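Shown next, in structure tokens, is the structure this report addresses.
The values are calculated or read from the model by the stated rules, or taken from the named source; none is laboratory data. Being a predicted model, the structure only gives us computed values, none of them experimental. All Cβ positions, even for glycine, are placed from backbone atoms using ideal geometry, and neighbour counts span all protein chains on display. These accessible areas exclude ligands, DNA and RNA; they are computed on the full protein's heavy atoms, side chains included. Shrake-Rupley method; radii C 1.70, N 1.55, O 1.52, S 1.80 Å.
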Amino acid sequence: LQAENSQWIRLLAGLFLFAVIVATLIFLRIHHSLQLKDAMLRQTEARLREAQLIARIGSWSRDFGSGETYWSEEACRVLELEGREQEYRHYERLIHPDDRERVTEVVAAAYHQGGNYQCDHRVICPGGKEKYIRLAGQVYLDDGNAPVRETGTVQDISERRAADLALQRSEARLRSIL
């Protein structure tokens, strides 16, 4: 009887050891898979940051339920917000006073209907510098047609705007000569 019990104990110990080895192998496989996915995610985030930097386009999002606003690194650079993101959680504070009503109307239409919007306008950065920005956004509504989330981009188009104005002045001079 004692020999039989001893065999059962060895069998159970062997099964337990086998289960521990299998569980460890499964854990290591899952851990390795998560490490690979984490590395891929970090690489994708780095590529996005690089693309935003090259294009001078930043991204942002706002959750109306939590009140949380997110600015990408490039959005902060474009708007010169570095370190002041919380102070400027509401983009409207940056819009040039002469453009505020027009921008508000464009965005308000999307708030009521959902969908996207785009608007070129001026902002006054926290340091006082004026820039031309292309604001593009998407508003998501809940089942009751209330806005729940908004996401979008800001792009510095100041150089393009300056070039357009210079071209307009040049064309006007040419027309006045002819």
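Would you mention how many residues in region 141-158 are under 12 Å from the mean Cα position of the chain (by Cα) and either charged (D, E, K, R) or open to solvent by 30 Å² or more (accessible area, probe 1.4 Å) (or both)?
Residues flagged as under 12 Å from the mean Cα position of the chain (by Cα) and either charged (D, E, K, R) or open to solvent by 30 Å² or more (accessible area, probe 1.4 Å) (or both) within region 141-158 amount to 3.
Could you run through region 141-169 and say how many residues are in a strand (DSSP E or B) and either among the polar types (S, T, N, Q) or over 19 Å from residue 91 (Cβ atoms) (or both)?
Number satisfying all stated conditions: 4.
Any chance you could count how many residues in region 110-140 are part of a strand (DSSP E or B) and open to solvent by 50 Å² or more (accessible area, probe 1.4 Å)?
Qualifying residue count, region 110-140: 9.
Considering region 159-178 alone, what residues qualify as being open to solvent by 90 Å² or more (accessible area, probe 1.4 Å) and within 28 Å of residue 130 (Cα to Cα)? Even if it seems obvious, please write down each step before you answer.
So in region 159-178, the residues open to solvent by 90 Å² or more (accessible area, probe 1.4 Å) come out as 159-160, 167-169, 173-178.
The answer is 159, 160, 167, 168, 169, 173.
Would you check if residue 91 is open to solvent by less than 70 Å² (accessible area, probe 1.4 Å) and within 26 Å of residue 145 (Cα to Cα)?
Against the criterion (open to solvent by less than 70 Å² (accessible area, probe 1.4 Å) and within 26 Å of residue 145 (Cα to Cα)), residue 91 qualifies.
Being in contact with a His (Cβ under 8 Å, 6 or more places away or on another chain) and among the polar types (S, T, N, Q): is that true of residue 44 here?
Considered against the rule, which asks whether it is in contact with a His (Cβ under 8 Å, 6 or more places away or on another chain) and among the polar types (S, T, N, Q), residue 44 comes out as no.
Restricting attention to region 86-95, does a residue exist that is in a strand (DSSP E or B) and under 19 Å from residue 157 (Cβ atoms)?
For region 86-95, residues in a strand (DSSP E or B) and under 19 Å from residue 157 (Cβ atoms): present.
What number of residues within region 52-69 satisfy the criterion of being modelled with pLDDT of 90 or more and either of a type outside the set (Val, Ile, Thr) or in contact with a helix residue (DSSP H, G or I) (Cβ under 6 Å, 6 or more places away or on another chain) (or both)?
Number of matching residues: 9.
Given 25, 48, 41, 36, which one is farther than 30 Å from residue 145 by Cβ, under 13 Å from the mean Cα position of the chain (by Cα) and assigned to a helix (DSSP H, G or I)?
Of 25, 48, 41, 36, the one residue that is farther than 30 Å from residue 145 by Cβ, under 13 Å from the mean Cα position of the chain (by Cα) and assigned to a helix (DSSP H, G or I) is 48.
Answer yes if at least one residue in region 36-52 is touching a residue at least 60 places away in the same chain (Cβ under 8 Å) and either touching a Pro at 6+ places or on another chain (Cβ under 7 Å) or surrounded by 10 or more Cβ atoms within 10 Å (Cβ to Cβ) (or both), and no otherwise.
So in region 36-52, the residues touching a residue at least 60 places away in the same chain (Cβ under 8 Å) come out as none.
Within region 36-52, not a single residue is touching a residue at least 60 places away in the same chain (Cβ under 8 Å) and either touching a Pro at 6+ places or on another chain (Cβ under 7 Å) or surrounded by 10 or more Cβ atoms within 10 Å (Cβ to Cβ) (or both).
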